[in-house]
Amino acid sequence: MTQSTSGGGSGHGRGQWYGQYHHHSALCCISGAPPLPGDAPPTPEPATATAPAQAQGAAAAAVAVEGVLHKWTNYGRGWRERWFSLRDGVLSYSKIRAGGPGGGPPDEDGEVRLIGARIGGARRTDKPAGVVSLKVSAFRESKSDDKRFYIFSPTKTLHLKTDSKDDRVAWIEALILARSVYSLRSVSGRVTFVQSDVSISTARLRDRMHQEGLNENLIEECEQIILSEFSSYRKQLKRRYEDYLSLFGSCRHHFEEGKDGNITQEGLTRNGFSSSRHGNFSEYSTTESDECEKNDDCELTCEDEPTFFDSVDQFVGSDNSSSTMSSGQGAVGTQNQDSNNMLLQIRRRTRLPEPTEKEKGISLWSIIKDSVGKDLTRVCLPVYFNEPLSSLQKCFEDLEYSYLLDQAYQYGKVGNSIMRILKVAAFAVSGYASSVARPCKPFNPLLGETYEADYPDKGVRFFAEKVSHHPMLIACHCEGKGWKFWGDSNLKSKFWGQSIQVDPVGTLTVEFDDGEIFQWSKVTTTIHNLILGKLYCSHHGTMYIKGNRQYSCKLKFKEPSLLDRNPHLVQGFVEDNGGNKASFLIGKWDESMYYSNLDTSRAKSADQLQGASLLWEKNKPAPDPTRYNLSSFAITLNELTPGLQEKLPPTDSRLRPDQCHLENGEYEKANGEKLRLERRQRMSTKLQDNGWKPRWFEQDSEDGTYRFKGGYWETRDEGRWDGCLDIFGEFAET
């Protein structure tokens with residue numbers, strides 16, 4: 001017998017479930033461990049069973065739920081319909097056949113609740129494509145889409161979507177009910193084959209009924225009822241055995257097993273689980289973590305395609321600022337597991353310190369009129385024009401979306417070269433996202449000034465150094481999960497009265513561990529309306545991303561105009577070595593980027609393209625960005641986390657006094673220190689002419705670019721900073 005719950009049907013049954021079990025929804029590591037085949041079968045309840053036992057049996061039957069859900073597969077295939085079945089604490093899903101015999105879902109024993117309006121013609125395949133045990137899983141609803149929800153397990157993350165809001169409520173209630181019925185318990189013993197020739201004898205029952213003087217017809221009717229119930233139980237037991245056997249097979253490569261065959265504590269800890277907490281997503285909630293919200297499209301767990309990402313990377317609690325790094329994706333560094341675990345617990349700040357002084361305004365015109373046509377790097381500006389970051393830290397801010405390079409690396413590993421360059425292109429555009437409404441300029445670093453960023457939650461280590469004063473050159477190097485990023489940049493900037501134009505000179509390079517390389521240069525940036533009107537910036541020009549293998553990319557950043565109603569537009573395409581266009585891109589550098597198989601040259605937005613797929617989307621703004629309008633990521637860049645200052649060299653940007661005073665709102669001290677350091681900076685040209693060389697980078701003799709020569713992180717571990725100049729200290733003029 002089946003009962004159907006469609007999106008437009010009555011919600012009475014769902015309301016009863018929700019009212020009865022909603023107060024349990026705080027904890028959602030749902031257990032459904034059945035008795036394994038080989039264990040003694042449960043003793044049948046007597047006819048005088050208590051009311052609670054009867055209620056539990058009825059609830060167990062109600063947990064048998066089936067229906068059609070949309071499951072996210074991958075970028076090429078998108079959302080696909082799958083037949084989902086929730087039974088005995090196990091959620092399985094199968095492909096749906098377009099045709100074939102049968103008039104709908106297969107007949108099952110017992111009462112099955114069908115969710116959804118489009119179930120009449122659905123025909124699933126016999127073999128499940130995937131199985132998820134609710135014993136070690138959790139789920140969350142999407143807060144941005146009332147039809148979507150997520151199921152998290154140690155091996156995968158299922159991104160699911162229903163046809164209606166009511167259907168999602170029904171599925172969530174079914175999961176809650178399953179949690180309440182199937183409690184977490186340990187499973188021991190070996191999995192054995194379920195014998196198909198098991199029989200049951202009714203001889204004793206017949207004899208007893210004859211003693212009571214019952215007629216033969218009634219005895220045979222009762223006998224058939226007993227045999228039918230036993231047959232139903234045997235089928236359910238066999239189905240449960242097959243589901244769990246499939247689950248164990250799919251998990252055997254994701255968990256470490258001890259000598260006794262049980263999952264070890266080390267294996268659980270590495271995968272985001274512990275004995276005291278069943279998982280980082282152990283709580284059911286109507287909200288979800290930022291990581292899920294911004295990475296809705298990156299979890300590729302299709303049964304048809306290879307899994308591109310270790311799902312452990314996505315196990316980020318909503319109250320945790322760091323994720324667990326996968327040990328199999330080229331995590332940078334040589335620290336042991338204990339050291340990594342300690343670093344992952346670092347909580348970074350979410351706002352800048354409260355200013356201690358009230359900021360005073362200044363006369364823009366008196367400064368600008370004396371600076372027209374001059375090089376901006378030689379103009380002495382008060383700290384009013386600065387934000388509490390250096391240009392070295394701004395380089396690392398471009399790696400806020402470094403997960404795009406992680407994804408690009410994984411795509412290349414499975415041979416998807418087009419998706420790799422599309423992700424690299426999205427990364428190249430994403431570096432501009434934080435420049436919106438950022439009216440202040442970063443501090444120009446001193447010669448020899450450095451900046452390090454060790455972010456184990458992102459799986460990256462970054463280092464930058466100012467390697468030349470005139471021309472001003474900054475070199476940087478970053479290592480991530482299967483890739484390296486480096487470059488040097490010379491920013492040529494000038495005042496033009498009403499605007500400032502910045503022309504980056506230099507090449508950025510990404511090299512993946514398999515040898516594929518992409519290189520590009522940044523486009524021109526202009527800051528408008530310095531005197532009159534609302535201050536804003538624009539990025540315009542053409543960016544060429546050149547690859548050393550099959551594909552390259554061309555991106556056009558549209559130049560703004562007075563009548564432009566679609567600013568910040570970026571359009572482009574990917575082409576192979578023969579000049580054939582393989583894919584197209586469109587988006588806005590301050591919002592998101594999409595790709596499509598359709599030509600985007602005449603489109604004004606991705607909404608005008610059918611089937612356009614999301615590549616990247618900007619993170620949500622910081623809750624307290626201050627007047628500098630810093631992103632949540634930028635707010636963390638100048639932070640001295642506990643124990644960090646003792647490890648830094650005396651040249652690190654975090655120790656620069658004028659920048660520290662500005663961050664703390666000590667504006668008078670900041671101006672004084674800035675003037676002192678700029679007087680010292682004027683000595684840098686003489687120091688450079690006398691043969692000064694950067695300590696951590698060296699210039700390539702062929703192309704003149706600067707490359708990281710290594711040794712910094714080893715020196716940091718040893719705490720040996722001998723030879724590092726005290727560039728922020730006092731000096732005596734000669």
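Considering only segment 720-734, I want to know if a residue exists there that is of a type in the set (S, T, N, Q) and not assigned by the TED database to the domain that holds N386.
Among the residues of segment 720-734, at least one is of a type in the set (S, T, N, Q) and not assigned by the TED database to the domain that holds N386, which makes the answer yes.
Given the criteria exposed (fewer than 13 other Cβ atoms within 10 Å of the Cβ), modelled with pLDDT of 85 or more and over 15 Å from F84 (Cβ atoms), does Q195 qualify?
It is false that Q195 is exposed (fewer than 13 other Cβ atoms within 10 Å of the Cβ), modelled with pLDDT of 85 or more and over 15 Å from F84 (Cβ atoms).
More than 14 Å from V90 (Cα to Cα), modelled with pLDDT of 55 or more and in a loop (DSSP other than H, G, I, E, B), is that true of L160?
no
Being part of a strand (DSSP E or B) and among the hydrophobic types (A, V, I, L, M, F, W, C) is the filter here; which residues of segment 525-540 pass it?
If the condition is that a residue be part of a strand (DSSP E or B) and among the hydrophobic types (A, V, I, L, M, F, W, C), then I527, C537 are the ones that fit.
Rundown of residues vs (1) surrounded by 14 or more Cβ atoms within 10 Å (Cβ to Cβ); (2) assigned by the TED database to the domain that holds E387; (3) within 24 Å of K546 (Cα to Cα), yes/no style:
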residue	(1), (2), (3)
G572	yes, yes, yes
G579	no, yes, yes
L585	yes, yes, yes
M593	yes, yes, yes
A603	yes, yes, no
S613	yes, yes, yes
P623	no, yes, no
R627	no, yes, no
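I need every pair where a residue in segment 695-718 that is within 15 Å of I474 (Cβ to Cβ) and open to solvent by 100 Å² or more (accessible area, probe 1.4 Å) has its Cβ under 9 Å from the Cβ of a residue that is among the polar types (S, T, N, Q) and assigned to a loop (DSSP other than H, G, I, E, B), sequence separation at least 6 or different chains.
Sorted first by the residue in segment 695-718, then by its partner, the pairs are Q699/T705.
Mind counting the residues in segment 600-629 that are under 21 Å from the mean Cα position of the chain (by Cα) and not polar (S, T, N, Q)?
Summing the residues that are under 21 Å from the mean Cα position of the chain (by Cα) and not polar (S, T, N, Q) in segment 600-629 gives 10.
Which one of these does F633 not meet: (1) in contact with a Leu (Cβ under 8 Å, 6 or more places away or on another chain); (2) crowded, with 16+ Cβ neighbours inside 10 Å; (3) within 30 Å of L585 (Cβ to Cβ); (4) not aliphatic (A, V, I, L, M)?
The single condition F633 does not satisfy is (1).
It is to be established whether one or more residues within segment 541-548 are modelled with pLDDT under 95 and over 15 Å from I421 (Cβ atoms).
yes
(1) within 30 Å of G448 (Cβ to Cβ); (2) in contact with a strand residue (DSSP E or B) (Cβ under 9 Å, 6 or more places away or on another chain): which one isn't true of D599, the others all being true?
(1)
Can you confirm whether N490 is within 24 Å of L392 (Cα to Cα), in contact (Cβ under 8 Å) with a residue 12 or more places away in the chain and not aromatic (F, W, Y)?
Here the answer is yes, as N490 does meet what is asked.
Say we look at segment 113-137 and pick out the residues that are of a type in the set (A, V, I, L, M) and assigned to a helix (DSSP H, G or I); which of these is modelled with the lowest pLDDT?
Per the stated criteria, the residue is V136.
Restricting to segment 621-657, count the residues that are outside any loop (DSSP other than H, G, I, E, B) and of a type in the set (D, E, K, R).
4
May I ask you to list the residues in segment 469-518 that are more than 21 Å from I418 (Cβ to Cβ), open to solvent by 30 Å² or more (accessible area, probe 1.4 Å) and either among the hydroxyl-bearing types (S, T, Y) or not in a strand (DSSP E or B) (or both)?
H470, P471, S489, W496, Q498, T507, listed by residue number.
Considering only residues that are among the small types (G, A, S) and either under 14 Å from G729 (Cα atoms) or touching a helix residue (DSSP H, G or I) at 6+ places or on another chain (Cβ under 9 Å) (or both), which ones fall in segment 646-675?
Matches in segment 646-675: S653, A670, G672.
When segment 643-679 is examined, which residues are found to be surrounded by 19 or more Cβ atoms within 10 Å (Cβ to Cβ) and of a type in the set (G, A, S)?
Matches in segment 643-679: S653, A670.
Being open to solvent by less than 40 Å² (accessible area, probe 1.4 Å) and under 29 Å from the mean Cα position of the chain (by Cα) is the filter here; which residues of segment 541-554 pass it?
Result: M543, I545, G547, Y551, S552, C553.
Please work out if R627 is of a type in the set (D, E, K, R) and modelled with pLDDT of 95 or more.
No, not satisfied.
The values are calculated or read from the model by the stated rules, or taken from the named source; none is laboratory data. Note that the structure is predicted; figures quoted are calculated from it, not measured. In this analysis, Cβ positions are derived from the backbone assuming ideal geometry, glycine residues included, and neighbour counts consider all displayed protein chains. Note: areas computed on protein heavy atoms with side chains; ligands, DNA, RNA excluded. Shrake-Rupley method; radii C 1.70, N 1.55, O 1.52, S 1.80 Å.
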